[in-house]
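First the structure, in the form of structure tokens, and then the observations on it.
The values are calculated or read from the model by the stated rules, or taken from the named source; none is laboratory data. In this text the structure is predicted, and so the values were computed from the model without any measurement. Every residue, glycine among them, receives a Cβ derived from its backbone with ideal geometry; neighbour counts consider all protein chains shown.
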Amino acid sequence: MTNPYVASVTFVGTATTVLRLGAFTLLTDPNFLHRGERAYLGYGLTSKRRTNPAMEIADLPELDAVVLSHLHGDHFDRVAKAELPRHLPILTTPQAERRLRRWRFRAATGLPCWESYELTRGSQRLRVTAVPARHGPPGVHRIMPKIMGSVVDLEVVGARVLRLYVSGDTVVNPQLAQVTERFPDIDAMLLHLGGTRIMGMLMTMNGRQGARLVDLVRPGVALPIHYDDYPVFRSGLADFERRVAEQGLSRYVQPIRRGETVPIGAVRAVSSGVTRS
């Protein structure tokens with residue numbers, strides 16, 4: 001008899017997703033502001049949201065943890081601050097951990113780059129590892145909130161059965177090659193796109209850079225998110241799709257609509273071990 005372990009992504013909006021990975025459920029970068037409400041971006045800057053989230057916090061399934069790339073208002077907003085349970089583990093940067101703990105999120109955990117946090121349930125283990133990301137051009141990134149990408153590994157009876165990479169609000173830079181060197185065979189990737197520009201400076205991947213990262217990683221599937229929710233996002237989904245088509249990479253990409261759930265893999269644990277299906 002076999003037991004299926006199914007993995008899926010539900011796209012809520014911006015960089016907010018619900019990840020169902022075997023026995024575990026994660027929330028990424030919670031942004032639940034509504035259309036017309038402003039997200040605080042730091043240094044007195046705000047941006048007015050253009051879209052509504054596909055669900056509210058009250059609609060979420062029971063969560064095991066939140067994975068938070070960084071503490072900007074379009075990734076952790078005042079709704080999340082007010083409504084998320086204070087006991088919920090939030091896996092984030094050490095800088096963000098300090099502020100979250102001041103807000104009484106007592107299970108916030110800061111992960112320095114390459115460090116991991118593990119959740120275990122029965123024969124399943126979920127490991128979240130912080131990986132490099134750089135929010136903006138060299139030098140400018142130093143005045144931005146510290147940021148991380150994430151690699152999430154699902155293991156069943158000690159064998160890895162799924163690997164997911166979440167880019168975070170990064171631009172393409174040489175450090176990203178270390179992700180694929182340390183974590184090859186990525187099954188799925190969530191790409192934070194948008195070509196965000198602040199005072200003319202590129203702060204997140206545009207379509208061209210997103211295509212470069214797809215080419216570097218060559219995941220089983222790349223799911224583009226974080227591309228049209230705010231006016232500071234200047235490079236939409238169509239730009240990314242055009243760039244990957246020009247490079248012959250479209251086979252790696254699957255668009256996902258707000259409110260849509262997409263399977264990203266299925267594995268089966270069998271009595272003699274674990275096999276992919």
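Couple of notes before you dig in:
- Scanning the range 1-58 for residues that are in contact (Cβ under 8 Å) with a residue 24 or more places away in the chain and small (Gly, Ala, Ser) returns Ala7, Ser8, Gly13, Ala15, Gly22, Ala23, Ala39, Gly42, Ser47, Ala54, Ala58.
For (1) modelled with pLDDT under 95; (2) of a type in the set (Phe, Trp, Tyr), each residue gets a yes or a no:
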position	(1), (2)
Pro112	no, no
Leu119	no, no
Lys146	yes, no
Gly149	no, no
Tyr165	no, yes
Gln175	no, no
Thr180	no, no
Phe183	no, yes
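- Residue in the range 202-218 that is in contact with a strand residue (DSSP E or B) (Cβ under 7 Å, 6 or more places away or on another chain) and modelled with pLDDT under 95 present: yes
- Summed over the range 169-182, residues that are assigned to a loop (DSSP other than H, G, I, E, B), more than 16 Å from the chain's Cα centre (by Cα) and among the polar types (S, T, N, Q) total 2.
- Members of the range 192-208 that are farther than 13 Å from Phe233 by Cβ and surrounded by 23 or more Cβ atoms within 10 Å (Cβ to Cβ): none
- Selected residue (criterion: nearest to Lys48 (Cα to Cα)) from residues of the range 218-261 that are of a type in the set (Phe, Trp, Tyr) and more than 16 Å from the chain's Cα centre (by Cα): Tyr230
- Criterion: assigned to a loop (DSSP other than H, G, I, E, B) and either within 19 Å of the chain's Cα centre (by Cα) or hydroxyl-bearing (Ser, Thr, Tyr) (or both) - qualifying residue of His87, His75: His75
- Scanning the range 98-110 for residues that are surrounded by fewer than 21 Cβ atoms within 10 Å (Cβ to Cβ) and closer than 18 Å to Leu26 by Cα returns Arg106, Ala107, Thr109, Gly110.
- Considering residues of the range 122-168 that are part of a strand (DSSP E or B) and of a type in the set (Ser, Thr, Tyr) only, the residue surrounded by the fewest Cβ atoms within 10 Å (Cβ to Cβ): Thr129
- Check on Asp185, closer than 28 Å to Gln254 by Cα and outside any loop (DSSP other than H, G, I, E, B): no
- Restricted to the range 19-52, and to residues there that are of a type in the set (Val, Ile, Thr) and more than 30 Å from Gln124 (Cα to Cα), the residue that is farthest from the chain's Cα centre (by Cα) is Thr46.
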